[in-house]
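Contents: one structure, followed by commentary.
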Amino acid sequence: MPTAPLKVFITGASSGLGAALARHYGAQGARLGLVGRRAEALETVAAGLDARCHVADVRDAAAMQAAATAFLADAGAPDIVIAAAGISVGTLTGEAADLPVFRAVLEANVLGLVHTFHPFLAAMPAGGVLCGISSVAGVRGLAGGGAYSASKAAATAYLESLRLELQPRDIAVVTVAPGYIDTPMTRVNPYAMPFKLSAQAAAIQTARCIERRRAYTVIPWQMAAVACLLKWLPVPVYDALFRNAPRKPRGLPT
């Protein structure tokens, strides 16, 4: 008996990891709902795939509800929902110009998860998977990256809470915390990025975590070892090593 194609809803699908995940699942014949802020880029990713595009910003709860409603009407309840949208940018608390940037980063990287998952929860079947993309940057605070580090630490904690809430329904919540991925967001970084993955390699590893319903995974494995070390470094040692580390450029990405 033929197996029905997976139904997968992905945010941040116009570039980077989200786009690579769309192509990965699309190559398997999945029926896709793709969300992004840039219509032309989104259509380019969707070309040749069984995909419906939804132009929306994950910070906008009403727009995400509309995108989810359209997907549910078109394809039915998804098997997998992947929240891959996010903002990575340097910030400094002392700079007034960065105050709205802090808000944008926190809204996209934390509330964006909520806005992505909420519209599907009532319809999500047992055996379904919600996947949120966090980051190794949430393990410890990074100088010059307060908004991003804080948002990813919050994302990891939120996803853990959601995982516990949905276990009785047999809905898995999978947290993937990548290190560096070769995307437009990281190409502006003025420092070395060890163990950097291509977007395609990161998508393959993320899909493997989803298939195995893994609660929390740092990718790649080398970065998982680094994250473990960073987590347990004593505060004085961590401060001495990282207070003068190179910083990500400031300025909200377009």
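Every number here is computed from the coordinates shown, using simple stated rules; none is lab data. Source: prediction; values computed, not measured. Using ideal geometry, Cβ is built from the backbone for each residue, glycine included, and neighbour counts are taken over all protein chains shown.
Quick notes on this one:
- Whole-percent P(r), the chain, all Cα pairs, 10 Å bins from 0: 7, 32, 38, 18, 5, 0, 0.
- Distance between the pseudo-spin-label points of A39 and T93 (7 Å out from Cα toward the beta carbon): 4.2 nm.
- Reachable lysines, given that their alpha-carbon falls under 24 Å from the alpha-carbon of K152 and they are not under 8 places away in the same chain: K196, K231, K248
- Per-residue ellipticity at 222 nm computed for the chain from its helices equals -12500 deg cm²/dmol, with DSSP H segments shorter than 4 residues left out and the rest contributing -39,500 (n - 2.57).
- Potential lengthening of the chain between R140 and D50 amounts to 28.4 nm, from the contour at 0.36 nm per residue minus the alpha-carbon distance.
- Inter-probe distance in nm under a simple model that places probes 7 Å from Cα toward Cβ, at Q200 and R187: 1.6
- Most tightly packed first, judged by the mean number of other beta-carbon atoms within 10 Å of their residues, the peptides 125-134, 140-149, 214-223 read 125-134, 140-149, 214-223.
- Phi-based couplings in Hz for the stretch 147-153 (Karplus 6.51, -1.76, 1.60; Gly and Pro marked x): 5, 5, 4, 4, 5, 6, 5
- Straight Cα distances below 19 angstrom link K7 to the aspartates and glutamates E43, D50, D74, D79, D170, E211, with same-chain residues fewer than 8 positions distant left out.
- Theoretical gain in end-to-end length, R103 to L229 [0.36 nm per residue, Cα-Cα removed]: 42.4 nm
- Contour minus Cα-Cα distance for R243 and L164 (0.36 nm per residue): 24.9 nm
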